[in-house]
Amino acid sequence: MKMIIWWVINIVWVFIFAVGAIFIGVRKVDGAGAVQTPEIRMVSFAILGIAFLFVLLIQLVFLYFARKKYNISE
């Protein structure tokens, strides 16, 4: 049951990042009023990617320890 919750949380994270990527891709002006050029969009995507990697790293570490604790094998 614990791993089902982990999978649901991961699906929510992927959904959040997908919505964020779509939002960055379609917006014309950001919150500060700056027009979004392709260069600024790439920087925004890079920042989103770094956040994604950070969450991915935390989730993989959690998976490693959860497998040891609950003795789950593939």
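The values are calculated or read from the model by the stated rules, or taken from the named source; none is laboratory data. What you see is a predicted model, and the numbers here were worked out from it, not measured in a lab. Counting neighbours? That spans all protein chains shown, and the Cβs are built from the backbone with ideal geometry, glycine included. We work out accessible area using only protein heavy atoms, side chains counted, and drop any ligands, DNA or RNA first. Shrake-Rupley method; radii C 1.70, N 1.55, O 1.52, S 1.80 Å.
Within segment 48-74, work out how many residues are farther than 22 Å from M3 by Cβ and surrounded by 11 or more Cβ atoms within 10 Å (Cβ to Cβ).
3
Output the residues belonging to segment 33-42 that are assigned to a helix (DSSP H, G or I) and surrounded by 12 or more Cβ atoms within 10 Å (Cβ to Cβ).
I40, R41
If we scan segment 12-32, do we find a residue that is open to solvent by 90 Å² or more (accessible area, probe 1.4 Å) and touching a residue at least 60 places away in the same chain (Cβ under 8 Å)?
No.
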